[in-house]
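Notes follow once the structure below has been shown.
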Amino acid sequence: MSEWPMSESPMSESRISQPRLAPVRFRGRGFVVTPRWYGGLAAFFIIIALWQAAGSLGWVSPLFLPSPLAILQALIALTASGELGQHIAASAMRIGVGWALGTSAGLALGLSMGLWGLARSIGISVVSALFPIPKIALLPLLILWLGIGEPSKIATIALGVFFPTTIATYSGVDAVPRTLIRMAQSFDLPFSAIVRKIVVPAALPSILSGFRISASIALLLVVSAEMIGADRGIGAFVLQAGNLMQTDQLLAGVVVLSIFGLIVARLIGFLEARLLAWR
Amino acid sequence: MTIIVERVSHRFDSLDVLADISFEVGDNEIFAVVGPSGCGKSTLLSIIGGLIEPSAGAVRVGGVSPDALNPITFVFQDFALLPWRSVATNVQLPLEHRDLPRAEMQALVNDALRRTGLVDFAEAYPKQLSGGMRQRVGIARALAVKPSILLLDEPLSALDGQTREILMEDLSQLLASTRVSAVYVTHNLDEALRLADRIAVFSRRPGRLREILEVPIPRSERMTPGAAADLAALHERLWSLIRTEAIDAEREVGHV
């Protein structure tokens with residue numbers, strides 16, 4: 001605020017002929033999205049509470065939608081009997097081996113496509129032709145080739161993971177700033193050192209994004225593969241529970257899958273935080 | 001250390017970029033190249049540094065110091081720092097593949113950091129630094145390999161006016177205290193007049209060497225009041241050589 005009354009202000013004389021002054025109206029409100037920490041928790045709590053109320057008050061039949069409490073009881077019983085552990089172990093093994101194989105192959109091809117012209121020409125043709133095929137459609141063929149056992153399921157997951165990893169790695173390598181490579185060349189860094197110290201670290205954000213996508217695909221494919229040809233694994237368990245109308249157990253399996261997804265997302269988030277702290 | 005550029009021409013596909021460029025840079029000389037946008041200044045620097053093979057002509061160098069770890073070394077316009085490495089490890093990068101004892105490598109890094117005023121920022125990451133400090137890291141990295149020739153590609157053009165002024169002073173002192181020949185590409189005539197012994201003026205694309213101007217004032221005296229009139233006259237002369245070409249180049253870019 002001014003120290004002088006308007007009439008005594010040193011500027012007042014020049015203002016005499018000015019029109020009446022008005023404060024500038026603030027127009028910058030909104031469009032700044034600030035997440036509230038309690039929002040997600042509250043929404044989750046409300047949904048569970050409503051769901052439980054619907055079950056307890058008899059609004060929906062427990063056969064079609066068991067209450068959260070019933071699902072929790074089923075989860076506890078399945079865990080205590082050891083059955084759930086066996087299914088989880090079978091699925092985790094398939095995801096682990098399939099993801100590791102598919103990711104390793106995808107990283108190798110994606111890196112090659114980013115670094116060498118011939119590999120790029122071959123890789124782009126092959127990836128473009130095969131990537132759009134839903135990999136689960138290949139499971140019957142893979143069963144014919146590899147048998148009904150583990151290899152066919154693992155191969156389905158590996159195939160599903162391979163393509164997004166290849167594309168993410170190739171895109172990441174292709175997007176490495178040219179000036180960084182020229183800088184390294186100007187210091188006579190050998191090819192292998194340029195790949196190791198410049199290309200791979202610069203492509204890492206894209207590669208890790210690919211991991212996030214491929215992990216979701218692996219989860220999707222393991223369930224699908226287990227529903228088609230397995231007697232162990234979360235997918236097989238969910239299908240079996242559905243066939244027997246044990247909807248509390250079916251949803252217990254779905255909860256396990258959701259926790260699986262959350263754990264994988266957390267692991268990749270942890271990797272990103274460790275490896276990409278410089279961003 | 002001498003650089004001889006002999007009848008160098010270059011084209012990218014059907015685009016002629018440089019036409020028949022010849023000049024020589026002497027021992028410990030700072031040689032600036034100025035010219036309108038797109039006249040091939042940076043391409044010429046890449047050719048001198050061995051990053052682009054010229055379509056015609058050759059570049060030869062002589063008198064390389066036996067101590068030089070990377071005789072021809074670049075300082076880049078956009079700094080070219082690795083964001084995942086600290087200042088010290090960025091400076092260390094060009095030394096890591098050389099057969100140097102750990103202690104010697106560390107001494108070279110420390111010396112480069114000291115000369116560029118970065119000792120207190122050794123553990124910082126590029127994203128934590130201002131533009132001027134990032135370019136200091138680029139310069140420190142170049143000094144760490146004891147170059148005989150420095151190729152500076154518009155090293156100050158990404159910086160604001162004040163930072164540019166400060167860094168120009170520091171660069172001037174560094175070049176004076178280091179036995180090195182340099183080719184300094186710039187748009188900025190003041191930078192060229194402050195730092196260079198001779199200034200080559202290029203025409204618009206395809207870049208041809210129009211004239212080489214000597215700056216007859218010792219580098220150490222260019223900030224003194226007595227030098228102001230002579231530098232202003234040289235500035236006028238340089239601008240008169242470039243002005244029409246720069247306007248034509250600008251219109252040409254506008255039509256692309």
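Key figures
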item	result
Accessible area per residue, Å², chain B with all protein chains present, probe 1.4 Å	45
Given chain A, longest segment not containing exposed loop chymotrypsin sites (Phe, Trp or Tyr not before Pro) (DSSP; at most 13 other Cβ within 10 Å)	A:117-279
Square roots of five times the Cα gyration tensor eigenvalues for the protein assembly as shown, Å	62, 36, 22
Label-point gap, in nm, between residue A:46 and residue A:131 - each point 7 angstrom along Cα→Cβ	4.0
Packing-based ranking, highest mean first, of B:221-227, B:193-199 given that Cβ atoms within 10 Å are counted	B:193-199, B:221-227
Net charge over other residues, Cβ less than 12 angstrom from the Cβ of residue A:237 (K, R count +1; D, E count -1)	-2
Gap separating the Cα centres of region B:133-175 and region A:75-147, nearest whole Å	50
Under 28 Å, Cα to Cα: Lys pairs in the protein assembly as shown, sequence gap 8 or more or different chains	5
Tilt relative to chain A, helix A:247-275 - C-alpha long axis, 0 to 90 degrees, to 10	60
Average beta-carbon neighbours from other chains, 10 Å sphere, peptide A:186-193	6
Per-residue average of Cβ from other chains inside 10 Å of B:68-81	3
Gyration tensor verdict on region A:68-275 (Cα atoms; rounded if a/c is under 1.5, prolate if a/b is larger than b/c, oblate otherwise)	prolate
Backbone HN-Hα couplings from phi across region B:21-29 [Karplus 6.51/-1.76/1.60, Hz, Gly and Pro as x]	8, 9, 6, 9, 10, x, 4, 6, 8
Dimensions in Å of region B:82-147 - Rg and Dmax from alpha carbons	10.8, 33
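The values are calculated or read from the model by the stated rules, or taken from the named source; none is laboratory data. Every value quoted in this text rests on a predicted model; they were computed, and no experiment measured them. Neighbour counts are summed over all protein chains in view; Cβ atoms, including those assigned to glycine, are modelled from backbone coordinates with ideal geometry. Only protein heavy atoms, including side chains, enter the accessible area calculation; ligands, DNA and RNA are left aside. Shrake-Rupley method; radii C 1.70, N 1.55, O 1.52, S 1.80 Å.
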